[in-house]
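The values are calculated or read from the model by the stated rules, or taken from the named source; none is laboratory data. Computed from a predicted model, the values in this text were never measured in an experiment. Here the Cβ positions follow ideal geometry from the backbone for every residue, glycine too, while neighbour counts run over all protein chains shown. Please note that ligands, DNA and RNA were not included when accessible areas were found on the heavy atoms of the full protein model with its side chains. Shrake-Rupley method; radii C 1.70, N 1.55, O 1.52, S 1.80 Å.
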Amino acid sequence: MTIFAKIINGEIPADIVYEDEHCLAFRDVNPQAPTHVLLIPRKPVESLDHLTADDSVLMGHMMLTVPEVARKLGISDGYRTIINTGKHGGQTVFHLHIHILAGRNLTWPPG
Ligand code: 5GP
């Protein structure tokens with residue numbers, strides 16, 4: 001079981017900022033910007049590479065939830081969304097998650 005599955009089932013605590021029946025968002029324990037939140041599906045999908053056509057509605061819902069979370073957090077000057085996938089993508093937790101970073105001018109390209 002991943003650490004995020006344990007957050008979903010309440011085994012370990014998290015600073016949850018949004019939740020609904022399909023997904024939840026909580027603050028990253030090691031924030032890389034003044035606001036750094038992770039939006040995850042309740043369904044235990046490992047990564048983008050593990051999605052199937054059955055996940056179309058779920059992923060559409062997740063994308064529509066991003067701006068809702070941003071609004072809820074009072075983010076007004078924009079934000080960056082990142083999904084790390086696999087080894088070269090820098091993924092460390094194998095439960096799909098969308099990083100939402102805000103609160104500073106983020107540089108490009110990423111490292
Ligand atoms: P990845 O590197 O897989 O894209 O992102 C995983 C993220 O999960 C990292 O930014 C890391 O700081 C965060 N993280 C890892 N363990 C925990 C935890 O137990 N609680 C919270 N809130 N975030 C975590």
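Of note:
- Of all residues in region 4-34, those being part of a strand (DSSP E or B) and open to solvent by 30 Å² or more (accessible area, probe 1.4 Å) number 3.
- Any hit, region 67-89, residues being over 20 Å from GLY111 (Cα atoms) and open to solvent by less than 30 Å² (accessible area, probe 1.4 Å): yes
- Summed over region 90-102, residues that are assigned to a loop (DSSP other than H, G, I, E, B) and open to solvent by less than 60 Å² (accessible area, probe 1.4 Å) total 6.
Let's see how each residue does on (1) over 13 Å from LEU39 (Cα atoms); (2) near the ligand (Cβ under 9 Å from one of its atoms):
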{"position": "HIS61", "(1), (2)": "no, no"}
{"position": "GLU68", "(1), (2)": "no, no"}
{"position": "ILE75", "(1), (2)": "yes, no"}
{"position": "THR81", "(1), (2)": "no, no"}
{"position": "ASN84", "(1), (2)": "no, yes"}
{"position": "LYS87", "(1), (2)": "yes, no"}
{"position": "HIS95", "(1), (2)": "no, yes"}
{"position": "HIS99", "(1), (2)": "no, yes"}
{"position": "ARG104", "(1), (2)": "yes, no"}
